[in-house]
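In what follows, a single structure is set out as structure tokens and then discussed.
The values are calculated or read from the model by the stated rules, or taken from the named source; none is laboratory data. Note that the coordinates shown come from a computational prediction; the quantities given were computed from them, not determined experimentally. Quick reminder, even Gly has a Cβ in these numbers, built from the backbone with ideal geometry, and neighbours come from all protein chains shown. Accessible surface areas use protein heavy atoms only, side chains included; no ligands, DNA or RNA. Shrake-Rupley method; radii C 1.70, N 1.55, O 1.52, S 1.80 Å.
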Amino acid sequence: MEPRFNLYANPVAASFTKRLIMASKVIDDSPLDKATYELVKIRASQINGCSYCTDMHTKDAAHAGESATRLNLVAAWHEATVFTEAERAALALTEEATRAADGGRITDDTWEQVRKHYDDNQIAALIAAIAMINAWNRMNAIARTPAGDYAPGQWG
């Protein structure tokens, strides 16, 4: 598949993506668990059909030591027993926030679970992470950035 648009060859798009990368440093430096951060990025990317981000974040997670079982079950996390209660809360928030444009909403139950497992700084990082990956997913889906060639750590 050929990309529709190269986000890194155009000066406007490259400038914007550079700023998104810099903004993500806030999340990287936050107290949000790194494995949870990757799970959030994978699940949102799956929902949004962003093959590039799904490829990137599953490879990065595997490279960081995430098990194949857990990676393979992210799409079916509701029925899987391999995720902690905190991870399940983060995945529920990710799904509900990502699907908000489809008329969904963040349920009180999901928010209660998030509050139970995360402090304010972790919640702020979760919200930022969900917003950030949804932005990346949309950019790559619009540009039709092809998947499959990403190498772990390629972007930093």
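Of note:
- In the stretch 64-156, Rg over Rh equals 0.98, where Rg is the alpha-carbon radius of gyration and Rh the Kirkwood radius from pairwise Cα distances.
- Relative to the current alpha-carbon distance between residue 144 and residue 99, full extension at 0.36 nm per residue lengthens the span by 14.2 nm.
- Protection proxy ranking of 126-134, 143-151 - average other beta-carbon atoms within 10 Å, highest first: 126-134, 143-151
- Here's the picture: charge each Lys and Arg Cβ at +1 and each Asp and Glu Cβ at -1 in the chain, and of 103, 121, 92 the one pushed furthest to the positive end of that dipole is 103.
- Legend: Rg and Dmax of the chain, from Cα coordinates, 15.3, 45 Å.
- Residue 86 paired with residue 13, simple spin-label distance in nm, labels 7 Å along Cα-to-beta-carbon: 3.8 nm
- Longest to shortest principal axis, alpha-carbon extents of the stretch 1-66, angstrom: 34, 28, 20
- Accessible surface, the stretch 1-133, averaged per residue in Å² (probe 1.4 Å): 54 Å²
- Summarising the label geometry, the points placed 7 Å from Cα in the beta-carbon direction at residue 64 and residue 154 lie 1.8 nm from one another.
- Charge-dipole axis of the stretch 3-92 as Lys and Arg at +1 and Asp and Glu at -1 on Cβ define it, positive-most pick from 39, 73, 3: 3
- Carbon/sulfur fraction of accessible area - the chain, other protein chains in place, 1.4 Å, %: 56 percent
- Relative to the Cα centre, the charge distribution of the stretch 31-72, modelled as +1 at Lys and Arg Cβ and -1 at Asp and Glu Cβ, gives a dipole magnitude of about 60 debye.
- 222 nm mean residue ellipticity, helices alone, for the chain (DSSP H n ≥ 4; -39,500 (n - 2.57); rounded to 500): -21000 deg cm²/dmol
- About its Cα centre, the chain has a charge dipole of approximately 560 debye under the convention of +1 per Lys or Arg Cβ and -1 per Asp or Glu Cβ, with nothing else charged.
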